[in-house]
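These notes concern the structure reproduced below.
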Amino acid sequence: MSTATAIVKPVMPERHFLNDNYGIRSWLLTKDHKRIAILYLFSITFFFLIGGVFASLIRLHLLTPNGELFEADTYNKLFTMHGVNMVFFFLIPSVPAVLGNFLVPIMVGTKDLAFPKINLLSWYLYMAGGTFSMAAMVSGGVDSGWTFYAPLSSGYLKTHVIMLAVGVIIAGFSSIFTGLNFIVTVHRMRAPGMTWGRLPLFVWSNYAASLIMILGTPVIAITLILLALERGFHIGIFDPKLGGDPVLFQHMFWFYSHPAVYIMILPGMGVISEIVPCFSRKRVFGYSFVAFSSVAIAVFGFVVWAHHMFVAGISVYSALVFSLLSYAVAIPSAVKVFNWTATMYKGSIEMSTPMLYAMAFIGLFTIGGLTGLFLAALGLDIHIHDTYFVIAHFHYVMVGGMVTAYLGGLHFWWPKITGRMYPEAPAKLAALITFIGFNLTFFPQFILGYMGMPRRYWAYPPEFQVLNVLSSAGASVLAVGFLLPLLYFAWSLKYGEVAGNNPWQATGLEWETSSPPPTHNFHEIPIVTKDPYAYGEDAEVTVVH
Amino acid sequence: MQLNFPIFPEQASSMAGQVDALYLFLVLITTFFSLLIAILILYFAIKYRRTPGRQAEQIHGSTLLEIVWTVIPLGISMVIFVWGAVIYYHMERPPANPLEIYGVGKQWMWKFQHPGGQREINTLHVPTGRDVKVTLISQDVIHSFFVPAFRVKQDVLPNRYVFTWFKATQPGTYHLFCSQYCGTKHSGMVGQVVVMTPEDYASWLASGKAEGSLASLGEKAFQQYGCTTCHRPDSGARGPNLEGVYGRPIRLTDNRVVLADDNYIRESILEPNAKVVSGFQSIMPTFRGVVSEDEIIAITEYIKHLSPQQANPLNNRSTPTEIRDSEVPNIQQQNKQQNQQQPAQQTPQGKRPANPSGKKP
Ligand SMILES: [Cu+2]
Ligand SMILES: [Cu+2]
């Protein structure tokens, strides 16, 4: 690329969405999907940092077995607020609301999302939800766990459960609106020639995630409203003392919260499906299989929820059915992993930062996915359910998978969003530190879990200490890996090399417009004539290398 | 800090080896596929690294490969599913003729009652070589009974009996954890399971200060709460005769058939009008808030002992539909009872809860 830039040094476009308008009003009242994406970028980074501080305090506390740093109640609040922040205010909105918001309209070749005002509303709802959750946090915290299990949360805790639940409900509407916007945009606003078979896989995966958002999110809202009714007005729904059924809560909660795992991971998979072909200079292997596996995951994801309840007192027969179905949802994920790997075969591979993140994703997601097979195996789940094995498994999927994909995507599209390159050397270092820190933090937790350490324990037997210390040490490395990008991204805004339209020589409509794009994305609406990832076809153009 | 740390929990039950075998198989599968993917990625990244002039070879895909890497994971998954299901099915089937122990969970302790009347808190003594069935209930929120050395775990629900069972193989002392988050002292809701040889267990039982067997405690409570006033064997009784009822199907006033198991007896004490036996009136008052979970367990044990032939209860999860009509005895209908009585007279008035639906403590 340095040779390419030596020939024609790119310059920043004169006018783009960032300098089209100035002032706080131009941001807070914007209807531009790209500006809304940036609002989201700042807000989710904020919640990620808060959630990260809680995680650090948890790991610090667990250095010693006897619970010496915090009171038990404080510890319970820490893991609750860590989970709520990370799940509802970071993971769920991360890729869709930031990268998806920015890219989906550009990728399908249109000026904006279908409902720009609803898009802005969705950010305000997200912030309102975040405000409730922060208010619950500063006014004493909540100790229900992010799972809010009844009857504990509805009848026994003395903290601000309702306030936190209201925050989650409101934030849920923001994700419903985002999903709605994506679905309508993909159906109705594709550029001429942008057939379904030419949709970038990032769009396919966000589309699949949107289906889950609009179908699943209302259920968590209903569940939490019922919980609040029981807690506030003693209407018996879940608490047997009021005539309710506590297992019902778990059915309703997981009916949303299992598919929510795919709201989190599917868009991340979409990011990987963009990065791997670009840095391998190859068409994605098995485009239609990768695309349809996203939809398959979204559909199957709705019928496996009770695999969280094998020891909760459900019948033997329903446990058997849910175990079987859980294996069905594993297959499309495996298909994706194999296709990404095959995409690299005989490529021309450049190990730039986004590619490093993508490779880390494939490896860590594979481990995360395969350890899911342990938990879906009935006889084995009985032992490892609600232990650190579960924690390790979902952090491999959520952090090793989703956060890695988000960071990879952020690096990949950073030049498009800001018009400037991030510095490559510190970025590679950060990717490496993250990878090492991550494995050191979470691998020991698999062993801890099989040893039998239950999750959400404020104090633990001394024989678990070595593994806990290892995990905490890893967390401090991981924290460095996560903080570095904040520094060099900020640095790059002023000092980064000017990127030009297409610094990666990637295919896709977003690379045909300027960086940063103009307010209406394209000076004229493009006409699509090529498949996505048509990497071989313009080979003579890329010969500048 | 103990520096030599194990990576496997002790194997102290008949089930532990089976669970570990499946675990090791999965560890093998995971290691194989993770290494396969990792090695391929790294190998490709190095072998096909971008060098000046290098052109990628465009390959669109291969349906054959797609089928291969769909079918192989599916096949392996099905092996794991069946293996896991077989172990689980074994875990969920109650053993025949077990040693029956009752456990009550509450914030934040475990209480256990042995058939001989011995009671323990946060400690559970069991013998080796014998199937032990632990019937569990919670007094408040959901807890979970977890003994890692036995590879056994069961959520403990309020308002419903569930059970788990194990056969201990190794004498020793093992962790008992509550594994379902239950509030402030969740991590303090721990205890130990002490596994003893049958001889040691017998002498432990003998040394325990029991006020009498669990059934005799139940009998005392049965009389104390005035149950005997109505539940009598004679024909003038206002309530069904409980002799021989336990473990048998019962026909209700609405013609449904239910199994008279622990859950049904408990429900009939706390919510007597929910499932009234055919031929009787809804006259029994609720004992919710009056009688404790421990007492209900003792009373149930007493009712079991009232059975002429102590029938083994069916699986706790059996549904009434599994019982054929022909199996339902018609004795209850013969005891047809018309005269209505005011229920309050049978129960000590002062002990009735002001709010029958019950409030949190
Ligand atoms: Cu799930
Ligand atoms: Cu508990």
Quiz item: Counting only heavy atoms of protein chains, what accessible area per residue, in Å², does the range B:214-304 have with a probe of 1.4 Å?
Solution: 35 Å²
Exercise. Return the average number of partner chain Cβ atoms within 10 angstrom of each residue Cβ along peptide A:314-323.
Key: 3
Quiz item: Which of the helices in chain A, when you take each full DSSP H run, stretch at least 18 Å along the axis at their Cα atoms and have an average Kyte-Doolittle score of -1.0 or higher?
Solution: A:33-61, A:72-86, A:116-138, A:161-188, A:201-233, A:246-280, A:287-300, A:316-344, A:353-376, A:404-418, A:424-451, A:465-495
Quiz item: Averaged across the residues of B:12-21, what count of C-beta atoms belonging to other chains lies within 10 Å of each residue's C-beta?
Solution: 2
Quiz item: Heavy-atom accessible area per residue, chain A, 1.4 Å probe: how many Å²?
Solution: 32 Å²
Practice problem: Go through A:323-331, A:111-119 and give me the packing order, highest mean Cβ count within 10 Å leading. | Solution: A:323-331, A:111-119
Exercise. Out of all DSSP beta bridges with both ends in the protein assembly as shown, state the antiparallel percent to the nearest 5.
Key: 70 percent
Practice problem: Work out the charge dipole of the range A:187-290 with +1 on the Cβ of Lys and Arg and -1 on the Cβ of Asp and Glu about the Cα centre, then indicate which of A:Pro240, A:Ile272, A:Ile220 is farthest towards its positive end. | Solution: A:Ile272
Quiz item: Percent of accessible area on chain A owned by carbon and sulfur, 1.4 Å probe?
Solution: 72 percent
Practice problem: Report the accessible area of A:Val104, computed with a 1.4 Å probe over the heavy atoms of all protein chains in place, in Å² rounded to the nearest 10. | Solution: 0 Å²
Quiz item: Can you give me the relative contact order of the range B:214-304 as a percent, contacts being Cα pairs under 8 Å and 6 or more apart?
Solution: 38 percent
Quiz item: Where a ≥ b ≥ c are the square roots of the eigenvalues of the C-alpha gyration tensor, would you call the range B:214-304 rounded, which needs a/c under 1.5, or, failing that, prolate if a/b is larger than b/c, or oblate?
Solution: rounded
Practice problem: Using a 1.4 angstrom probe on the protein heavy atoms only, line up A:Tyr156, B:Tyr89, A:Tyr317 by accessible area, largest first. | Solution: A:Tyr317, B:Tyr89, A:Tyr156
Practice problem: For the B and A pair, go ahead and give the buried accessible area with a 1.4 Å probe, both sides summed, in Å² to 100. | Solution: 8400 Å²
Quiz item: Taking every residue in B:132-145, how many Cβ atoms of other protein chains lie within 10 Å of its Cβ, on average?
Solution: 3
Practice problem: Would you tell me the accessible area of B:Arg50, worked out with a 1.4 angstrom probe on the heavy atoms of the protein chains, in Å² to the nearest 10? | Solution: 60 Å²
Quiz item: Relative contact order, percent, of chain A when contacts are C-alpha pairs under 8 Å separated by at least 6 residues?
Solution: 19 percent
Quiz item: Given Cα pairs under 8 Å that are at least 6 residues apart, what percent is the relative contact order of the range A:448-526?
Solution: 16 percent
Quiz item: Can you give the accessible area of B:Glu243 in Å² (nearest 10), computed on protein heavy atoms with a 1.4 Å probe?
Solution: 90 Å²
Quiz item: Once the dipole of chain A is set up with Lys and Arg at +1 and Asp and Glu at -1 on Cβ about the Cα centre, which of A:Gly301, A:Ile183, A:Gly408 lies farthest towards its positive end?
Solution: A:Ile183
Practice problem: Between beta-carbons, use under 11 Å as the cut-off and find the net charge around B:His305, counting Lys and Arg +1, Asp and Glu -1. | Solution: -2
Exercise. Sort all Cα-Cα distances of the range A:269-387 into consecutive 10 angstrom bins from zero, then give the percent of pairs in each bin up to the one containing the longest distance.
Key: 13, 37, 27, 17, 6, 0
Quiz item: Over chain A, how many percent of alpha carbon pairs lie in each 10 Å bin up to the one with the longest distance?
Solution: 4, 18, 30, 28, 14, 6, 1, 0
Quiz item: Quick one: net charge of A:Asp20's neighbours, Cβ under 15 Å, K/R +1, D/E -1?
Solution: +3
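The values are calculated or read from the model by the stated rules, or taken from the named source; none is laboratory data. Note that the coordinates shown come from a computational prediction; the quantities given were computed from them, not determined experimentally. Please note: Cβ atoms are built from the backbone with ideal geometry, for glycine as well, and neighbour counts cover all protein chains shown. Note: accessible area is taken over every heavy atom of the protein model, side chains too, but ligands, DNA and RNA are not part of it. Shrake-Rupley method; radii C 1.70, N 1.55, O 1.52, S 1.80 Å.
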